[in-house]
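J.: This structure is in structure tokens; I'll ask about it shortly.
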């Protein structure tokens, strides 16, 4: 599994590429659904009530896919300039702390999201009557991917001392 070190480069490795394609597909679905809704309102067309529900679902997935991609590419909030001024051992300690924090938050989100899906996952959405858990599944899947990413970083850091 390749974890991108340079955010300005194109996606590397199959996990990052797969997420980028999934994000692009969901963005396209979101955009087309919003466009359908706008045109239906502008031209007073009926039967497009579903479009905003699809747009909402797509937006949620795009957001969580983007979060995982940003974390893989180190584009999330970081104080890298400040960290680079510190000694290498302190930098590794901060990286370990950040990975442990990501792992614990991801674990909590997995637990919380799974509990939420268990309680309300099969409740139907208002228009399409799809399971409401489809939107919550975005949170759970993103949390699982972030937890795996944190574990990979911790393993690399402890085995070889290589900073993520």
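J.: Search segment 109-134 for residues that are touching a residue at least 24 places away in the same chain (Cβ under 8 Å) and pair each with any residue that is assigned to a strand (DSSP E or B) and surrounded by 15 or more Cβ atoms within 10 Å (Cβ to Cβ) when their beta-carbon atoms are under 7 Å apart and the residues are at least 6 apart or on different chains.
T.: Nothing qualifies.
J.: Looking for something touching a helix residue (DSSP H, G or I) at 6+ places or on another chain (Cβ under 9 Å), part of a helix (DSSP H, G or I) and outside the structural domain of residue 16 (by TED's automatic domain parsing) - is there at least one such residue anywhere in segment 61-70?
T.: Within segment 61-70, none of the residues are touching a helix residue (DSSP H, G or I) at 6+ places or on another chain (Cβ under 9 Å), part of a helix (DSSP H, G or I) and outside the structural domain of residue 16 (by TED's automatic domain parsing).
J.: Okay, next question. Starting from segment 76-97, keep only residues that are under 24 Å from residue 146 (Cα atoms), then list their pairs with residues that are not in a helix (DSSP H, G or I) whose Cβ atoms are within a distance under 7 Å, requiring at least 6 positions of separation or different chains.
T.: Sorted first by the residue in segment 76-97, then by its partner, the pairs are 91/163; 92/161; 92/163; 95/163; 95/164.
J.: Next up: Just checking, does segment 110-130 include any residue being surrounded by fewer than 13 Cβ atoms within 10 Å (Cβ to Cβ) and closer than 16 Å to residue 150 by Cβ?
T.: Checking segment 110-130: at least one residue is surrounded by fewer than 13 Cβ atoms within 10 Å (Cβ to Cβ) and closer than 16 Å to residue 150 by Cβ.
J.: Residues to consider are 20, 96; find the one that is assigned by TED's automatic domain parsing to the domain that holds residue 153, part of a helix (DSSP H, G or I) and surrounded by 14 or more Cβ atoms within 10 Å (Cβ to Cβ). Give the steps one after another, and end with the answer.
T.: Working: 20 fails: assigned by TED's automatic domain parsing to the domain that holds residue 153.
Exactly one residue qualifies, and that residue is 96.
The values are calculated or read from the model by the stated rules, or taken from the named source; none is laboratory data. Keep in mind the model is a prediction, meaning the values are calculated, not measured. FYI the Cβ positions are ideal-geometry reconstructions off the backbone, even for glycines, and counts take in every protein chain you see.
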